[in-house]
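Read through the structure below, which is laid out as structure tokens, and then see the notes.
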Amino acid sequence: MDAVEKLSREDFKELRDYIYDQSGLHFSDAKLYFLENRISRRLKALNQTSYRDYLAHIKKPIHKRELFSLFDAITTNETSFYRNPPQIDAFAKNILPAVVKKLKERGQRTLRIWSAACSSGEEPYTLAMILKDRQDLLQGLNATVYGTDISNEIIEQAKTAVYKPYTMRHLPNKFQDRYFTKQDKEFKVHDSVKSLVNISYFNLVDYAAYRRFRNMDIILCRNVLIYFDLKVKRNIIKGFWESLNKDGYLLIGHSESLHNINRDFKMQHYSRALAYLKES
Ligand SMILES: C[S@@+](CC[C@H](N)C(=O)[O-])C[C@H]1O[C@@H](n2cnc3c(N)ncnc32)[C@H](O)[C@@H]1O
């Protein structure tokens, strides 16, 4: 088979515009080699040598499935259990109790948490372990953690729920002891934790689809807003606002901010962590 051609600047621009339309992911001019490298895998898989032909291929409705493989190739899925421990501690010690108090006052029997852009599942399973740990608080409530992502490949990993020790480096020992079974050199999440988690596909720029995720009490969308431009961030945060119940919380990554994006949420300060409250 012939070698894959170099990605020209012109084709790079067309490819990145197409990717932006489909996923909201914004690749600056400096990311030409990144995209060339990631997408070359797809060309090889399809026995193609030209990025221009690849673009024509993927745009045909009959090849729509290739779009999902493209998402698998270009997304960055780095994550870990208990990522950003101060914020997860604030979730466990402050946010969850505050939310549960309000929903008990309202007579609400369900608690719904959404980990949007959950990658391989470490985030939703961390939340589910905390829910199990706080069963005293959650008595009488039906709790579900929804985990969603745009990469089908990573969703399959999340559903398998088997992990290497490195991704568990921030996880308190008590969680590792209680909620995992060792399998050779890896660790499998217990079914009792998995049963609280519902993993599915969701593209954050499919704004009409936010209807599927109404009545959320807490939304985490961490370490993905950085990949979007201002317009996309504003639309996504608006979608979250509409998906959240009153007195619900939004948690974003520690290097991310809602500055310039949204003024409706009220910032809440905890020990070395922040969250955003939907007060009304
Ligand atoms: C760096 S990971 C963050 C995972 C986790 N939230 C955390 O903080 O550890 C970013 C995830 O966002 C997902 N992603 C990127 N664009 C997306 C989109 N348009 N819709 C949904 N998920 C997206 C990627 O597939 C990737 O798994």
> Do we have any residue at all in region 124-137 that's among the acidic types (Asp, Glu) and assigned to a strand (DSSP E or B)?
Replying inline: no
>> Here's a check for you: in region 206-221, which residue that is within 25 Å of Ile88 (Cβ to Cβ) and aliphatic (A, V, I, L, M) is nearest to the ligand (Cβ to nearest atom)?
In response: Leu220
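Hey, any hits in region 62-82 for a residue that's free of Cβ contacts under 8 Å to residues at least 24 places away in the same chain, among the basic types (Lys, Arg) and not assigned by TED's automatic domain parsing to the domain that holds Asn215? Lay out the reasoning, then the answer.
Keep residues of region 62-82 that are free of Cβ contacts under 8 Å to residues at least 24 places away in the same chain, which gives 62-65.
Checking the rest, the ones that are also among the basic types (Lys, Arg) come to 64-65.
With not assigned by TED's automatic domain parsing to the domain that holds Asn215 added as a condition, the list becomes 64-65.
Among the residues of region 62-82, at least one is free of Cβ contacts under 8 Å to residues at least 24 places away in the same chain, among the basic types (Lys, Arg) and not assigned by TED's automatic domain parsing to the domain that holds Asn215, which makes the answer yes.
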>> in the same structural domain as Tyr166 (by TED's automatic domain parsing), surrounded by fewer than 19 Cβ atoms within 10 Å (Cβ to Cβ) and touching an Asp or Glu at 6+ places or on another chain (Cβ under 9 Å): is that true of Thr49 in this structure?
In response: no
>> So Ser119 ticks every box in (1) part of a loop (DSSP other than H, G, I, E, B); (2) over 18 Å from the mean Cα position of the chain (by Cα); (3) of a type in the set (Ser, Thr, Tyr) but one. Which box is left unticked?
In response: (2)
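Could you check region 25-40 and list, in sequence order, the residues that are assigned to a helix (DSSP H, G or I) and surrounded by 15 or more Cβ atoms within 10 Å (Cβ to Cβ)? Break it down stepwise before answering.
Initial filter on region 25-40 (assigned to a helix (DSSP H, G or I)): 29-40.
Scanning region 25-40 gives Lys31, Leu32, Leu35, Glu36, Arg38, Ile39, Ser40.
Yes or no, residue by residue, for (1) more than 14 Å from the ligand (Cβ to nearest atom); (2) not polar (S, T, N, Q):
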site: Leu204; (1), (2): no, yes
site: Asn223; (1), (2): no, no
site: Phe228; (1), (2): no, yes
site: Phe240; (1), (2): no, yes
site: Asn260; (1), (2): yes, no
site: Phe265; (1), (2): yes, yes
site: Leu274; (1), (2): yes, yes
site: Glu279; (1), (2): yes, yes
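Quick one: which of Val197, Val162, Val145 is away from the ligand (no atom under 16 Å from the Cβ), over 30 Å from Asp21 (Cβ atoms) and at pLDDT 95 or above?
Working: Val197 fails: away from the ligand (no atom under 16 Å from the Cβ); Val145 fails: away from the ligand (no atom under 16 Å from the Cβ).
Among Val197, Val162, Val145, only Val162 is away from the ligand (no atom under 16 Å from the Cβ), over 30 Å from Asp21 (Cβ atoms) and at pLDDT 95 or above.
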>> Looking only at region 112-136, how many residues end up being surrounded by fewer than 22 Cβ atoms within 10 Å (Cβ to Cβ) and in contact with a Lys or Arg (Cβ under 9 Å, 6 or more places away or on another chain)?
In response: 2
> Quick one: which helices (runs of 4 or more DSSP H) sit completely within region 47-90 and have at least 3 residues that are over 27 Å from Ile226 (Cα atoms) and among the charged types (D, E, K, R)?
Replying inline: none
> So which residues in region 1-24 are buried (at least 16 other Cβ atoms within 10 Å of the Cβ) and more than 24 Å from Val232 (Cβ to Cβ), if there are any at all?
Replying inline: Val4, Glu5
> Among the numbered criteria (1) among the hydroxyl-bearing types (Ser, Thr, Tyr); (2) out of contact with any Cys (no Cβ under 7 Å at 6 or more places or on another chain); (3) buried (at least 22 other Cβ atoms within 10 Å of the Cβ), which single criterion is violated by Thr148?
Replying inline: (2)
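The values are calculated or read from the model by the stated rules, or taken from the named source; none is laboratory data. As the structure is a computational prediction, the values presented were derived from the model and not from experiment. FYI the Cβ positions are ideal-geometry reconstructions off the backbone, even for glycines, and counts take in every protein chain you see.
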